[in-house]
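Q: Take a look at the following structure, please.
We did not get these values from a lab; they are worked out from the coordinates using the rules stated. These numbers come from a predicted model, not from an experiment. Note that each Cβ is placed from the backbone with ideal geometry, even for glycine, and that neighbours are counted across all protein chains shown.
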Amino acid sequence: MKIKVSRDILKANDLIAQDVRSMLDSARVFAVNLLGSPGAGKTTLLEATIRALKTDLRIAVVEGDVQTAIDGERVEKLGVPVVQINTLGGCHLSAPMVSDAIGEFDLTETDLLFIENVGNLVCTATFGLGEDMKVTLLSVPEGDDKVQKYPTIFANSRVLVITKTDLLPHMEFDVERVEREARALNPEIQIVRLSARTGEGVGDWIELLRAHVADS
Ligand SMILES: Nc1nc2c(ncn2[C@@H]2O[C@H](COP(=O)(O)OP(=O)(O)O)[C@@H](O)[C@H]2O)c(=O)[nH]1
Ligand SMILES: [Mg+2]
């Protein structure tokens, strides 16, 4: 019975996600669902990405958090349109929330939409938001066993970004293990290693993203 209820919720979510998808498609917006644990570095990477791309692409951001507008305020400082959603306890964004939020933007004036999801490796994995791709961040301090422990999110992601590589000398984190396990689950997954602190690898991420937007 419980399983049926959760399936119904997912089905309702997916119907709205299809509407979001068609709205984005008709306005030619490429949408990225940014996923990862709290503290993985999602907002930091988003800030670096906006700085790198905002002169070439018109960017808008939906920020998802349980509470506060802290991330929304960080991103707003970069001069892009932002809508902050607070889920008030909910562990993931849903398609209806995103549908509501994007109503605030002029989508015809937008090329690239980032949706920073609530920090979570579980609930966010199965709720589609109408995005073109899911990008999951895994930071070095979280440990190299997380692909094995939370397989669904890595199986469902187009891109895995291994963040905070500047901390590798201080941690026991086997990057090859993470990449091997991610590819075993998802042979098509694209993987980038980067440090937003030193900037190493950030250019690779920007090029990958540009290629996806160009192909869409
Ligand atoms: N050492 C290091 N710290 C980072 C890096 N990226 C982000 N951080 C720090 O990690 C913390 C969480 O970052 P934030 O972007 O807010 O994570 P989010 O919760 O996933 O959005 C902050 O203190 C950041 O300064 C990185 O590449 N290296
Ligand atoms: Mg954040």
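Q: Cα gyration tensor of region 1-52, axes a ≥ b ≥ c as square roots of the eigenvalues: rounded (a/c below 1.5), prolate (a/b > b/c) or oblate?
A: Because a/c hits 1.5 or more and a/b fails to exceed b/c, region 1-52 counts as oblate.
Q: Then there's this: Please report how far the C-alpha centroid of region 125-199 lies from that of region 14-79, rounded to the nearest whole angstrom.
A: So the separation of the two Cα centres works out to 18 Å.
Q: Additional query: So what is log10(I(q)/I(0)) for region 10-114 at q = 0.09, 0.13, 0.17 1/Å, when the Debye sum runs over its Cα atoms only?
A: Here log10 of I(q) over I(0) equals -0.21, -0.46, -0.80.
Q: Note down the Stokes-Einstein diffusion coefficient of region 56-107 in µm²/s, whole number, using a Kirkwood radius over alpha carbon pairs, 37 °C, and 0.692 mPa s.
A: In µm²/s, the coefficient rounds to 286.
Q: Considering only Cα-Cα distances, which of the following residue pairs are longer than 20 Å: 77/164; 54/164; 11/149; 42/146?
A: Pairs exceeding 20 Å: 77/164; 54/164; 11/149.
Q: Two-decimal Rg/Rh of region 117-216 from alpha-carbon positions, Kirkwood Rh?
A: 0.95
Q: Across region 93-107, in residue order, what do the Karplus-derived ³J(HN,Hα) couplings come to in whole Hz, using 6.51 cos²θ - 1.76 cosθ + 1.60 with θ = phi - 60° and x for Gly and Pro?
A: 7, 10, 4, x, 4, 5, 4, 4, 5, 6, x, 7, 9, 8, 5
Q: Remind me, relative contact order of the chain in percent, using alpha carbon pairs under 8 angstrom and six or more residues apart? Please list the in-between numbers first.
A: On the way: 389 pairs, mean separation 51.0, N = 216.
Answer for the chain is 24 percent.
Q: Still on this structure, please answer the following. Share of Cα-Cα pairs in region 158-216 beyond 15 Å, in percent?
A: Cα-Cα pairs of region 158-216 separated by over 15 Å account for 54 percent.
Q: Hey, can you grab everything whose amide H is under 5 Å from the amide H of residue 190? Only 5+ residues off in sequence or another chain; H modelled, so Pro and N-termini drop out.
A: Under 5 Å from the amide H of residue 190: 159, 160.
Q: Using the Cα centre as the reference, give the magnitude of the dipole from point charges on the C-beta atoms of the chain (Lys, Arg: +1; Asp, Glu: -1; all else neutral), rounded to the nearest 20 debye.
A: Using only the charged Cβ atoms, the result is roughly 440 debye.
Q: More than 20 angstrom separation, counting every C-alpha pair in region 22-82; what % is that?
A: 28 percent
Q: Moving on. Compute the signed sum of charges (Lys and Arg +1, Asp and Glu -1) over the other residues within less than 15 Å, Cβ to Cβ, of residue 169. Each step should come with its number before you reach the end.
A: On the way: positive: 164, 193, 197; negative: 144, 166, 172, 174, 200.
With Lys, Arg at +1 and Asp, Glu at -1, the neighbours total -2.
Q: How large is ³J(HN,Hα), in whole Hz, for each residue of region 60-74 in order, when computed from phi with the Karplus curve 6.51 cos²θ - 1.76 cosθ + 1.60 and θ = phi - 60°, using x for Gly and Pro?
A: 10, 9, 10, 9, x, 8, 5, 9, 6, 10, 4, 5, x, 5, 4
Q: Listed highest first by mean packing, meaning other Cβ atoms within 10 Å per residue, what order do 176-186, 151-161 come in?
A: Packing proxy ranking, top to bottom: 151-161, 176-186.
Q: Projected area of the chain, taken from the Cα convex hull and averaged over every viewing direction, in nm²?
A: Computing the convex hull of the Cα atoms and averaging its projections yields 11.8 nm².
Q: To continue, here is another question. Residues with beta-carbon under 11 Å from that of residue 158, excluding residue 158: net charge, scoring Lys, Arg +1 and Asp, Glu -1? Intermediate results must be reported in sequence, preceding the final value.
A: Numbers: positive: 134; negative: 131, 132, 188.
Around residue 158, the surrounding residues sum to -2.
Q: Report, in deg cm²/dmol and to the nearest 500, the calculated mean residue ellipticity at 222 nm for the chain, where each DSSP H run with n ≥ 4 adds -39500 (n - 2.57) and the sum is divided by the residue count. Walk me through the numbers before you get to the answer.
A: Numbers: 8 runs with 86 residues, N = 216.
Mean residue ellipticity at 222 nm (helix-derived): -12000 deg cm²/dmol.
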